[in-house]
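J.: Got a structure for you, written out below as structure tokens; questions coming shortly.
The values are calculated or read from the model by the stated rules, or taken from the named source; none is laboratory data. Everything quoted here is computed from the prediction, not taken from an experiment. Every residue, glycine among them, receives a Cβ derived from its backbone with ideal geometry; neighbour counts consider all protein chains shown.
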């Protein structure tokens with residue numbers, strides 16, 4: 001017997017089912033950040049939709065158990081995903097995007113999830129093992145900030161099948177924490193697809209001039225120092241905030257803007273990269 005009453009045979013069956021599910025996914029992108037407030041979930045949503053807009057079949061998995069924001073950003077608040085014969089059925093939205101989030105399972109939006117680490121690990125394993133994703137070109141996983149239970153659980157479960165997309169803002173206070181996130185990926189043998197510098201400059205909607213409100217270049221410098229790819233910079237744009245609050249994803253509502261073009265360039269670099277990126281050097 002193993003711990004928690006499961007036999008070794010049960011564990012082997014679970015692992016086999018997990019690997020079978022993962023084998024149907026072309027690439028898994030785990031969106032991480034070293035700290036909160038850098039726009040990680042916004043980046044995850046718009047990356048997933050940009051991939052779907054290219055005709056890819058994309059899954060978006062929100063593993064932020066305590067603060068799931070993906071449903072709000074996609075206009076799915078109040079809706080619930082289905083369960084059939086112990087299988088979770090993803091919610092489809094905006095064509096070719098299939099979504100699973102704790103926010104689509106809880107009864108009310110203001111209901112807290114008060115769980116310790118073991119419970120969080122188990123539900124993340126359920127999301128990976130018992131969701132009817134089918135065949136996906138990409139699975140984008142939005143993890144909570146930091147290097148705690150949720151990103152650790154995902155990293156341990158999917159191992160070499162994924163690569164990390166790391167989001168930072170330009171300021172040094174953010175890049176210091178992101179450097180720790182890269183070291184975390186290295187320790188888990190999780191390849192890093194690259195760094196995105198979010199809120200990088202501000203493009204005036206009236207004159208088109210770009211102003212460095214929060215400074216600029218911190219993410220690019222960090223990528224160079226840590227020997228990982230730099231995927232691009234996304235400017236600060238008030239419409240991104242409004243689109244998230246209104247449940248109308250930015251890249252679908254503001255297709256022809258400079259910011260939307262930046263997202264498209266980042267997706268182009270990700271799509272052109274190898275399925276498994278080189279791991280960064282330790283330190």
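J.: Are any residues in segment 236-264 surrounded by fewer than 15 Cβ atoms within 10 Å (Cβ to Cβ), at pLDDT 90 or above and closer than 16 Å to residue 197 by Cα, and if so, which ones?
T.: Listed by number, the list holds a single entry, 261.
J.: Any residue at all in segment 127-134 that's assigned to a loop (DSSP other than H, G, I, E, B), surrounded by fewer than 22 Cβ atoms within 10 Å (Cβ to Cβ), on the phi > 0 side of the Ramachandran plot and over 16 Å from the mean Cα position of the chain (by Cα)?
T.: Looking for residues that are assigned to a loop (DSSP other than H, G, I, E, B), surrounded by fewer than 22 Cβ atoms within 10 Å (Cβ to Cβ), on the phi > 0 side of the Ramachandran plot and over 16 Å from the mean Cα position of the chain (by Cα), one finds at least one in segment 127-134, hence yes.
J.: Still on this structure, I have one more. Working only within segment 54-78, note down all residues that are at pLDDT below 90 and exposed (fewer than 14 other Cβ atoms within 10 Å of the Cβ).
T.: 66, 77, 78, listed by residue number.
J.: Within segment 172-183, track down each residue that is surrounded by fewer than 20 Cβ atoms within 10 Å (Cβ to Cβ) and either in contact with a strand residue (DSSP E or B) (Cβ under 9 Å, 6 or more places away or on another chain) or closer than 30 Å to residue 118 by Cα (or both). Give the steps one after another, and end with the answer.
T.: Taking segment 172-183 first, the residues surrounded by fewer than 20 Cβ atoms within 10 Å (Cβ to Cβ) are 172-173, 176-177, 179-180, 183.
Within segment 172-183, 176, 177, 179, 180, 183 qualify.
J.: Just wondering, is there one or more residues in segment 141-164 that are under 14 Å from the mean Cα position of the chain (by Cα) and under 23 Å from residue 84 (Cα atoms)?
T.: yes
J.: Just to verify a result, which residue in segment 209-224, among those that are touching a residue at least 12 places away in the same chain (Cβ under 8 Å) and in a helix (DSSP H, G or I), is surrounded by the fewest Cβ atoms within 10 Å (Cβ to Cβ)?
T.: Within segment 209-224, the match that is surrounded by the fewest Cβ atoms within 10 Å (Cβ to Cβ) is 221.
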